[in-house]
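Values in this text are rule-based calculations from the coordinates and carry no lab data. Remember, predicted model here, so these are calculated numbers, not experimental data. All Cβ positions, even for glycine, are placed from backbone atoms using ideal geometry, and neighbour counts span all protein chains on display.
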Amino acid sequence: RRQGNDYSRVDLSSSISLTNLYKQPVYLEINRYILGSIDSASANGEVKNINILEDDSFLGLTSSSYGSYSYNWPSWSYQFNGVGKVSWKTTLESGKNISFDYGWHYFWRY
């Protein structure tokens with residue numbers, strides 16, 4: 001509870017699974033952005049918190065699309081939620097599978 005409002009913590013998890021169907025190894029760079037804070041990342045994932053007031057790279061905007069972009073998250077959500085980024089870099093051998101698991105949380109006002 002803050003400033004007369006109640007908030008719930010929402011815990012989530014997800015996984016990215018890939019299979020290399022090529023005859024040669026492939027190099028992978030995976031970046032996943034989430035609203036909230038990263039709590040865990042498998043396979044030596046690199047976790048970073050992003051200050052959305054200083055770095056808008058998580059939006060994936062180019063100079064040509066920037067003017068037409070609108071973002072409609074409630075203004076209160078930024079008081080409690082930032083943007084988390086988890087990154088993986090690895091080589092996946094031919095015919096092999098790999099999974100990248102991660103967990104995160106955010107706060108929601110009700």
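Taking residues in region 26-45 that are touching a residue at least 60 places away in the same chain (Cβ under 8 Å), and partners anywhere that are part of a loop (DSSP other than H, G, I, E, B), the pairs with Cβ atoms closer than 8 Å and at least 6 places apart or on different chains are VAL26/ASN20; LEU35/TRP73; LEU35/ASN81; GLY36/ASN81; GLY36/GLY82; SER37/ASN81; SER37/GLY82. For beta carbons closer than 6 Å, sequence separation of 6+ or different chains, a first residue in region 92-105 that is among the polar types (S, T, N, Q) and a second that is in a strand (DSSP E or B), the qualifying pairs are ASN97/THR19; SER99/SER15; SER99/SER17.
Residues in region 76-108 that are in contact with a Lys or Arg (Cβ under 9 Å, 6 or more places away or on another chain), within 19 Å of TYR7 (Cα to Cα) and surrounded by fewer than 19 Cβ atoms within 10 Å (Cβ to Cβ): TRP76, SER77, GLN79, PHE80, HIS105, PHE107, TRP108.
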